[in-house]
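Data block below; observations after.
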Amino acid sequence: MDSKRCCSNCLKGTFININGDILCIEKGVVSPDYVCSKHRYLPSLKSLKRKINTCKDCEHFIMLDTNKNIEDRCMGICQLFTVRKYNGRKKKTCSKFVKRTSKEVS
């Protein structure tokens, strides 16, 4: 990430395609190198992408039949709610989700 403070990496600025200037909420149209006291860094793309957890990431999910083909690799059961096998990769988490502390090697 560019650590230099300028309007080109400010949260309050919008790039103008016509001339390459920045439209600032606070100051209006400014050059990309300009910086004011209200500067706020844009959040990085990595922090914006939130990992969507599934049942297979939960501490309560028990994987079964891990030696089968790729489609069945995440088949298992939830020790809290069900006795039927389901694909833990496709199902979203429930309210009792606890992040798995250690990953199992498959």
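General remarks:
- Unmet requirement for ASP72, which otherwise passes all of (1) surrounded by fewer than 11 Cβ atoms within 10 Å (Cβ to Cβ); (2) modelled with pLDDT under 80: (1)
- Some residue of region 33-54 being surrounded by fewer than 11 Cβ atoms within 10 Å (Cβ to Cβ) and modelled with pLDDT of 80 or more: yes
- Considered as a group, the residues in region 7-32 that are outside any strand (DSSP E or B) and hydroxyl-bearing (Ser, Thr, Tyr) include one that is modelled with the lowest pLDDT, and that residue is SER8.
The values are calculated or read from the model by the stated rules, or taken from the named source; none is laboratory data. Since the model is a prediction, treat every value here as computed from it, not as a measurement. In this analysis, Cβ positions are derived from the backbone assuming ideal geometry, glycine residues included, and neighbour counts consider all displayed protein chains.
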